[in-house]
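Data block below; observations after.
The values are calculated or read from the model by the stated rules, or taken from the named source; none is laboratory data. Quantities reported herein were computed from a predicted structural model and do not represent experimental measurements. Neighbour counts run over all protein chains shown; Cβ positions are idealised from the backbone, glycine included. Heavy atoms of the whole protein, side chains included, go into the accessibility calculation; ligands, DNA and RNA do not. Shrake-Rupley method; radii C 1.70, N 1.55, O 1.52, S 1.80 Å.
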Amino acid sequence: MNNKAGAPFKILQFRPLWIEGKSWTPEFSNSSILYLFRRKLPKSVSFRRAYTGWRASGAKEEKELGESRAFIRWLQKHHLSVEWSHKDFYLHPLFQHPNSPSHEPDDEMSRGLSFAISPVIVQDRKIKLYVKDEDILGLINLSHGEDEDFLDLVSRYISYRFKWEKWRAPAPTFYDWVMAQGRRPVLAPGQIGFLTP
């Protein structure tokens with residue numbers, strides 16, 4: 001997947017909603033989507049009901065804050081979270097490959113992470129790298145650097161991690177290391193999975 005030209009990478013695309021005879025297609029930022037997916041409160045409503053209610057209320061603060069942040073502010077005011085359905089959106093094809101990795105229920109290291117990276121074999125060991133959400137999004141949206149396969153970069157980074165541990169040297173994050181190498185990850189379907197609610 002090459003993002004050198006064109007619009008920024010979007011995790012998903014919302015399905016259109018008909019509200020009072022008008023079609024609305026929500027355009028939320030990736031960070032807002034991740035926040036909304038994680039937000040769990042005792043009182044939740046469907047996305048259709050929440051978005052319709054926000055629009056019916058006048059969609060206050062949209063011009064000031066933007067659509068996604070204004071919608072979140074409305075949810076916070078009403079102490080609501082969203083009960084999501086897979087019918088609410090189309091997930092990006094990058095995450096829909098049959099071999100896309102998933103989160104293991106008993107894997108404590110993956111808690112709080114939205115993305116799962118396919119394990120790689122380094123020094124005859126199967127290793128799974130864990131990367132913060134904001135770093136994954138930063139890497140996916142990189143528009144410069146020398147192209148290199150994403151999992152090849154993961155393997156090289158882990159090889160260096162072994163060396164840094166042996167030397168007892170501090171290790172940079174995967175994101176910082178990739179940036180310092182002047183590389184730009186090229187992702188293929190099946191290399192990264194995304195955890196939906």
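General observations
- For Ala59, the conditions (1) more than 21 Å from the chain's Cα centre (by Cα); (2) in a helix (DSSP H, G or I); (3) among the small types (Gly, Ala, Ser) all hold with the exception of (2).
- Verdict on Pro26 being in contact (Cβ under 8 Å) with a residue 40 or more places away in the chain and within 16 Å of the chain's Cα centre (by Cα): no
- Among the candidates Gln13, Gln76, the residue that is at pLDDT 95 or above, within 23 Å of Ala116 (Cβ to Cβ) and out of contact with any helix residue (DSSP H, G or I) (no Cβ under 9 Å at 6 or more places or on another chain) is uniquely Gln13.
- Taken over the stretch 110-152, the criterion of being in a helix (DSSP H, G or I), of a type in the set (Asp, Glu) and open to solvent by 30 Å² or more (accessible area, probe 1.4 Å) is satisfied by Glu134, Asp152.
- Residue within the stretch 153-165 that is at pLDDT 95 or above and assigned to a loop (DSSP other than H, G, I, E, B) present: no
- Looking only at the stretch 36-52, residues that are surrounded by 15 or more Cβ atoms within 10 Å (Cβ to Cβ) and not in a loop (DSSP other than H, G, I, E, B) come to 9 in all.
- Exactly one residue out of Lys40, Lys10, Lys87 is closer than 27 Å to Pro185 by Cα, among the basic types (Lys, Arg) and touching a residue at least 40 places away in the same chain (Cβ under 8 Å): that is Lys10.
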